[in-house]
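> Dropping the structure in here first, questions after.
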Amino acid sequence: MASITDLQLAVLSSAVYGDEEPKEGPAAGFQIYRGIGKDESGLGAILYIKKTEAGKGLAVFSFRGTDSSKGSSIKGQMRSNWLLMQDPDDGDLDIIKQGLDFAKDAVRDLEREHSDTEWHYFSTGHSLGALMATALAINQEEKVERCATFESPGLISFWRKKACERSVDHWRPRIINYLTFPNPINTTLPKVGRLVRVHLDYHSTTSAAHVLRCVLGTGLRAAVWGSVFNLAASVTGHAKGFWAAKVLSVSAKAGALIWHRHFNLKKVMHELKRAADEDQASKDTRSAAKSGKPEDADAAPLVPLLSRLPARARGALLTSVWALGTIGVTSTSYIATRTSGNLADCATEHDIGTIITGFDPETGEPKRAIEMESWPYHDMLLKKSFSSKHSRRLLLEGLLPLQPAAYGLHNALRRHELLLRRARSLPGYKEAPQGG
């Protein structure tokens with residue numbers, strides 16, 4: 001087998017996005033022999049060639065993934081992505097059919113024009129392009145010596161059935177899937193071949209955004225427990241200041257003022273200060289915060305419908321509403337924080353340029369590779385009731401302190417450990433034993 005490294009294949013997976021020939025770096029010297037672009041399906045592919053020694057050459061089919069910069073083909077790419085997620089088992093995708101036809105024609109013409117060269121064929125691709133590169137390796141296994149994909153979404157049922165005509169061990173040395181941590185893209189469908197998770201320097205970097213999310217996570221949980229403590233203090237009559245009632249009252253007045261004054265900030269702030277001063281001096285608020293003595297007849301009740309309740313009962317009821325509202329708001333805010341963090345991580349990790357940084361320029365292999373026995377995919381997660389379990393886990397993360405996979409100060413400097421715990425909580429994520 002002619003020599004080519006997986007880093008070179010990764011660079012060619014990146015170069016196809018710009019329809020470029022690498023001018024420097026590990027893939028320098030590869031030239032574009034032929035390319036294709038199909039707007040209706042979103043197909044983008046290039047055959048790169050390089051003569052290595054007398055009578056021998058390397059030929060690499062590189063397939064482009066989803067690329068929003070290709071305005072004319074983005075609609076076709078999104079349609080292909082949608083069909084991919086449906087996992088059709090009754091036929092192939094147009095984008096794959098067109099890619100296979102392109103490869104067949106390119107091989108025929110290349111061997112005819114350079115009949116004096118012994119060509120060694122490889123395929124590679126990133127994201128959606130990984131699907132096509134794998135399909136080519138299965139369809140043309142007598143030609144394609146090896147396929148390296150990056151962040152593959154997996155294979156549709158049609159091609160998984162084709163692959164099952166051979167044993168699992170048959171494909172392991174021929175197809176390798178390089179992945180980052182599990183994300184919505186690389187967990188779409190099952191994969192064929194060897195599975196390797198690439199450790200990226202990005203995973204161990206403590207960014208300002210990560211620290212901010214951890215601080216926010218702890219702050220949200222503190223707000224929840226502060227409300228619970230205030231509720232307990234109100235029920236037992238030990239509250240020194242009935243701040244929940246004050247906040248509710250001032251918030252209601254603030255809403256009315258903002259609505260009627262059309263966001264006149266100066267006047268609104270003036271009125272809010274006066275409202276806060278009135279509530280501070282309110283006999284009703286003071287009586288709820290102290291011994292529960294009935295308020296004076298001239299004291300304006302905070303909430304008229306509750307004015308007939310004993311002060312302590314009224315305080316406990318309002319504080320309960322405040323505590324439950326706080327729990328709802330903070331839990332929603334935490335889930336939003338967690339989701340935004342996951343999306344940000346996915347956008348960075350899934351980028352082929354970021355993945356390339358995980359490879360050693362000297363050896364052409366990953367700096368740190370984690371062999372995988374299995375990888376999660378959507379149908380598996382659904383069958384394992386992952387959605388409901390994950391929702392419960394997120395709720396607990398937003399309420400309970402020191403959760404291992406939660407954003408919080410305890411994980412501010414442990415980003416890699418945080419991501420690893422989240423990955424290991426997924427059904428189907430199983431690392432091979434060391435040395436396996």
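The values are calculated or read from the model by the stated rules, or taken from the named source; none is laboratory data. Only a predicted model underlies this, so the values are computations on that prediction, with no experimental measurement involved. Please note: Cβ atoms are built from the backbone with ideal geometry, for glycine as well, and neighbour counts cover all protein chains shown.
> Tell me yes or no: at least one residue of region 393-402 is in contact with an Asp or Glu (Cβ under 9 Å, 6 or more places away or on another chain) and surrounded by 15 or more Cβ atoms within 10 Å (Cβ to Cβ).
no
> Moving to a separate point now. For region 41-94, which positions are closer than 19 Å to D351 by Cα and touching a Leu at 6+ places or on another chain (Cβ under 7 Å)?
Within region 41-94, S62, G65, T66, Q77, N81 qualify.
> So, one more: What are the residues in region 421-436 that are within 20 Å of the chain's Cα centre (by Cα) and without any contact (Cβ under 8 Å) to a residue 12 or more places away in the chain, if any?
Matches in region 421-436: R424 only.
> Counting only residues that are aliphatic (A, V, I, L, M) and part of a helix (DSSP H, G or I), which one in region 81-106 is nearest to Y33 (Cα to Cα)?
In this case the residue turns out to be A106.
> Let me ask something else. Tell me which of these S80 doesn't satisfy, since it passes every other one: (1) under 22 Å from A148 (Cβ atoms); (2) touching a strand residue (DSSP E or B) at 6+ places or on another chain (Cβ under 6 Å).
The single condition S80 does not satisfy is (2).
> While we're here: Within region 374-386, is there a residue that is among the polar types (S, T, N, Q) and in contact (Cβ under 8 Å) with a residue 24 or more places away in the chain?
Yes - at least one qualifying residue is present in region 374-386.
> Please go through region 133-174 and pick out each residue that is among the hydrophobic types (A, V, I, L, M, F, W, C) and over 30 Å from S387 (Cβ atoms).
A133, L136, A137, I138, V144, C147, A148, W171
> Which residue, of D116, D109, is out of contact with any Asp or Glu (no Cβ under 6 Å at 6 or more places or on another chain) and in a helix (DSSP H, G or I)?
The unique qualifying residue is D109.
> Among the candidates S73, S69, S62, single out the residue that is crowded, with 17+ Cβ neighbours inside 10 Å and either modelled with pLDDT under 95 or not assigned by TED's automatic domain parsing to the domain that holds A10 (or both).
S73
> For residues in region 327-364 being surrounded by 15 or more Cβ atoms within 10 Å (Cβ to Cβ) and over 17 Å from the mean Cα position of the chain (by Cα), which is nearest to T5 (Cα to Cα)?
G364
> I'm checking my understanding of the structure. Among residues of region 1-24 that are part of a loop (DSSP other than H, G, I, E, B) and small (G, A, S), which one is modelled with the lowest pLDDT?
Only one residue tops the list, namely A2.
> Those residues that are small (G, A, S) and either touching a Ser or Thr at 6+ places or on another chain (Cβ under 9 Å) or assigned to a strand (DSSP E or B) (or both), I need them from region 30-59; list them, please.
G35, G37, S41, G42, G44, A45, G55, G57, A59
> When region 122-151 is examined, which residues are found to be touching a residue at least 60 places away in the same chain (Cβ under 8 Å), surrounded by fewer than 24 Cβ atoms within 10 Å (Cβ to Cβ) and either in contact with an Asp or Glu (Cβ under 9 Å, 6 or more places away or on another chain) or basic (K, R) (or both)?
R146
> Given I4, I96, I32, I49, which one is surrounded by 13 or more Cβ atoms within 10 Å (Cβ to Cβ), hydrophobic (A, V, I, L, M, F, W, C) and over 30 Å from D360 (Cβ atoms)?
None of the others qualify; the one that does is I96.
> Looking at L426, is it assigned to a helix (DSSP H, G or I) and either of a type in the set (A, V, I, L, M) or over 28 Å from L12 (Cα atoms) (or both)?
Here the answer is no, as L426 does not meet what is asked.
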